[in-house]
1. Okay, helix-only estimate at 222 nm for the chain: each DSSP H run of n ≥ 4 adds -39500 (n - 2.57), divide by all residues, round to 500 deg cm²/dmol; what do you get?
2. By how many degrees, 0 to 90 and rounded to 10, does the Cα axis of helix 373-382 deviate from the longest principal axis of the chain?
3. I'd like the FRET efficiency for residue 405 and residue 255, computed as 1/(1 + (r/R0)^6) with the beta carbon distance as r and R0 of 35 Å, rounded to 0.05.
4. Going by how many other beta carbons lie within 10 Å of each one, how would you line up 115, 235, 83, fewest first?
5. Any idea what angle helix 361-371 forms with the longest principal axis of the chain, computed on alpha-carbon atoms, 0 to 90 degrees, nearest 10?
6. Compute the Kirkwood hydrodynamic radius of the chain, taking the inverse of the mean of 1/r over all pairs of distinct Cα atoms, and give it in Å to one decimal.
7. Give me Rg/Rg_expected for segment 235-569, where Rg uses Cα atoms only and Rg_expected = 2.2 N^0.38 Å with N residues.
8. Take each of the peptides 380-389, 93-102, 270-279, average the number of other beta-carbon atoms within 10 Å over its residues, and list them starting from the highest.
């Protein structure tokens, strides 16, 4: 055996442990350790330097656990600072599951107090959360009982609870707030940002298991209370509306009733009532449909109340005058349709004033067709029926009507008397305000002011004119006509003793499945006093169950009751019913017939009757009057006398009724016949002794009336 055979790896071993090899290995290890140290150093710089604030906050969040404290939600006031919605302090029970020592035992004790099952409580007490609410807004006695138990991990915190002291009053307008102090419906949600305030916190230092550290840091961050809002609504007028709607539903069996009242000059909503209603203090116990504000969020076909705006368009555009003559045979043919009057046989010969008093469908259909789609739709759009009013309330609906390009003669005719167009009650009242205030459409206002917790005014809603819809003269002219509707026409039941009232009745068929069914919407819309309006009011009764469903019969009295009590509450002095120095201010007198008379004669007769008068129009002969002859009115009532000249007649009519001309001068007789569309054939000189044809005879337009004159 050789040396190499006995020790084969000796040379290789010497090479593996040579000084050069060992140095390389040491260098590699040192380099690796240096790299690791550098990585750790960089990581430390990242954590302790660059990301220091982030991880410091995470540590604080783990150590400092917070319980939210609700702020006091802002108060909702009526326009006279009477509380409609307030926030009250309430207690809520919460738990820190990590601190609960015996969940089943705690659940057993808490279950009867919190009116919860033990299973529900055990699930909450053992959940993997830092804090869990067991029951929100518990009664004071319950909260005190929980405190006295002294259960580990179970505590009580103060929170806010919404309370509505007037119960159902204006419930659909005010809306509701939820258990977490958040607005859910109505003004509560629309103004939620203003009302809710900013939450506070109760902060306590806890360990990694979520247990409160004895003698640890504690901090209370107080909540910031919400702002308050002041409504334009008046609590008393709102109550009057709701009281009368409740009576109306009881009397008529209507499925729903709505009343909206506004100040025509400011656009402020004085009342907005919907019946039936609900109690917002216990809203979960009522059908959700009762919470809907139908005055803003629902549309309906207005029927004859819409004739007010057809009349406004016709008068303003010059299509008619108050004394334009029409003949109603009971129907009007438009293309292949026959549109009938509500009165069998029609109303015969009548002026435009009388047609409005009679709510004559054929007349308004023919007027709309005469104006044409372009003119008619321009006015309807100007009144705001095809767009939102911009009221500060959620979910406002938009009216619906035929597009101008698709509005043929039939669509024009039906829209003219309020059929085939849908509007909201708010749109109707807002448009009526433009009649009452001289022709200006206003933006409706529900909330007048936003107040800081200390009472400082943060925001104030100012009256906002939208546009001039009709001229002031047209508005005044139409007001006189609507006064006549109440005195002489279909709206007599809307009269309010001591006040002049202007208004219009409405009885609309309700569409059902693409056709009109048996259900009706009865309504009355108007304002008072007519010469200086303080309030515009719409009353709507949906689906009445009475035998007679006309708006002038069942809705007008509701209007009268609301308007009477509201004007008294507002301390508006009576505008009619007294003669200066008169001994019997309340006496009723019959209005004399002054049609056909000269100005001096009219003045003398009305003065003798104890009535006031105002002249409208040009000319020397009275062509029409409001109230009509024979109407019973209070002494001191103003009689509007319309004077005219030749040519003031309706060319669309085919006949005219011969007036009584006996005793008139030739000039007076000629003017009166000219207004009727008749010619004069005088015989002799002086005054009319007799005539042919006789008074009351219906003759074709253009026919001559022979007048036998004597000195």
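All of the numbers you see were taken from the coordinates with simple rules; none came from a lab. Every value quoted in this text rests on a predicted model; they were computed, and no experiment measured them. All Cβ positions, glycine included, derive from the backbone under ideal geometry; neighbour counts span all protein chains shown.
1. -9500 deg cm²/dmol
2. It works out to around 60 degrees.
3. 0.45
4. 115, 83, 235
5. 80 degrees
6. Mean inverse Cα-Cα distance, inverted, gives 31.3 Å.
7. 0.96
8. 270-279, 380-389, 93-102
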